[in-house]
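Enquirer: Sharing a structure with you now.
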Amino acid sequence: MTALPENSVVAVIGSGAMGAGIAQVAAAAGYRVKLYDTRPEAVSKALLDIGKMYGKLAEKGRMTAQQAQDATARLQPAASLSDVADAALVVEAIVENLDVKRSVFAELEAVVSEDCILATNTSSISVTAIAAKLRHPERLVGMHFFNPVPLMALVEVISGLATSADVAATVYDTAQAWGKMPVHAKSTPGFIVNRVARPFYAEGWRLLSEQAGDAATIDAVLREAGGFRMGPFELMDLIGHDVNFSVTQSVFGAYFNDPRFTPSVLQQEMVNAGFLGRKSGRGFYHYG
Ligand code: NAD
């Protein structure tokens, strides 16, 4: 198996933080990208942000002005799911909810061609479960990017029980063609990274609830002395507390309420308040 050819159509469903990053990377690698979101304003914002990012990369000499212009021209909005009928690959990056993902993939399957690959960027939901209701569950695979997508090389290519080896291999090779460092993984709760990361967040919440230090102190200690690139609270602000909380809930449930993965009531309150982090302008920190 080889990567999907350049110029293939990649549909990105969900144009939030992850969808925009995935679209940016795919278009820069020479693929034609269609961006869809139930909120059209999210698509417009993503297109605007990606254009700005290409502009910055061109200023820094990381791509030429011509490359930036060509990549921008390869991006287009999709007004509805039926507009992505010509996709060779769909990457779904919508809300972290099994039922919603299943219903979007069911709609997509009715629209796309037989050989179109369906990929989910889910952080934690069983790829096997997302695929189970499809007519062709073998074509669905996890393509799990990390935030911010343009900067983070790792992509977990996750096979569910029904995923075909050819599909996983094509997505692996395509991620490489996009300049990423893919790894194969099986569908287990949280996969590799989000499983290992749970205790990092959980201990942060425990430290905070025991008043060992405030969020900024704990972040600074882990960043400056612990060697982590970001502390737990600034990282959760980047990820989005809604997304991070859903992932913890999903891993907790998938391991039959193993107390090691118990979600934090403090984080639940932040979600209730809409203090989602960078994307809402306020989390543990305030953003411009
Ligand atoms: P986000 O909230 O920034 O964006 C999600 C977008 O999906 C929103 O614009 C929303 O309008 C749209 N959407 C919701 N339901 C939809 C539907 N039915 N059809 C089309 N669009 C719909 O979220 P995000 O951070 O980009 O996360 C998206 C997915 O990526 C989630 O599954 C999440 O778990 C996963 N993920 C997130 C991160 C992260 O750090 N944020 C990292 C890896 C994976």
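Enquirer: What number of residues within region 13-34 are in contact with a strand residue (DSSP E or B) (Cβ under 9 Å, 6 or more places away or on another chain), of a type in the set (A, V, I, L, M, F, W, C) and either without any contact (Cβ under 8 Å) to a residue 12 or more places away in the chain or more than 10 Å from the ligand (Cβ to nearest atom) (or both)?
Expert: Residues meeting the conditions: 4.
Enquirer: So which of S280, S250 ends up being within 14 Å of the ligand (Cβ to nearest atom), crowded, with 17+ Cβ neighbours inside 10 Å and polar (S, T, N, Q)?
Expert: S250
Enquirer: Out of region 198-239, which residues are hydrophobic (A, V, I, L, M, F, W, C), within 16 Å of the ligand (Cβ to nearest atom) and in contact with a Pro (Cβ under 9 Å, 6 or more places away or on another chain)?
Expert: Those that are hydrophobic (A, V, I, L, M, F, W, C), within 16 Å of the ligand (Cβ to nearest atom) and in contact with a Pro (Cβ under 9 Å, 6 or more places away or on another chain): F200, L238.
To keep it simple, each residue is scored yes or no on (1) in contact with a helix residue (DSSP H, G or I) (Cβ under 7 Å, 6 or more places away or on another chain); (2) closer than 23 Å to V25 by Cα; (3) not polar (S, T, N, Q).
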{"site": "K101", "(1), (2), (3)": "yes, yes, yes"}
{"site": "F105", "(1), (2), (3)": "yes, yes, yes"}
{"site": "A110", "(1), (2), (3)": "no, no, yes"}
{"site": "D115", "(1), (2), (3)": "no, yes, yes"}
{"site": "A131", "(1), (2), (3)": "yes, no, yes"}
{"site": "P137", "(1), (2), (3)": "yes, no, yes"}
{"site": "L140", "(1), (2), (3)": "yes, yes, yes"}
{"site": "M143", "(1), (2), (3)": "yes, yes, yes"}
{"site": "P150", "(1), (2), (3)": "yes, yes, yes"}
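Enquirer: Would you pick out the residues in region 111-124 that are modelled with pLDDT of 95 or more and either of a type in the set (S, T, Y) or outside any loop (DSSP other than H, G, I, E, B) (or both)?
Expert: Result: S113, I117, L118, A119, T120, T122.
Enquirer: Which one is farthest from V149 (Cα to Cα), of the residues in region 96-137 that are within 9 Å of the ligand (Cβ to nearest atom) and touching a residue at least 40 places away in the same chain (Cβ under 8 Å)?
Expert: V104
Enquirer: Would you mind telling me which numbered condition in (1) within 16 Å of the ligand (Cβ to nearest atom); (2) under 25 Å from E114 (Cβ atoms); (3) surrounded by fewer than 23 Cβ atoms within 10 Å (Cβ to Cβ) D49 fails?
Expert: (2)
The values are calculated or read from the model by the stated rules, or taken from the named source; none is laboratory data. Note that the coordinates shown come from a computational prediction; the quantities given were computed from them, not determined experimentally. Neighbour counts are summed over all protein chains in view; Cβ atoms, including those assigned to glycine, are modelled from backbone coordinates with ideal geometry.
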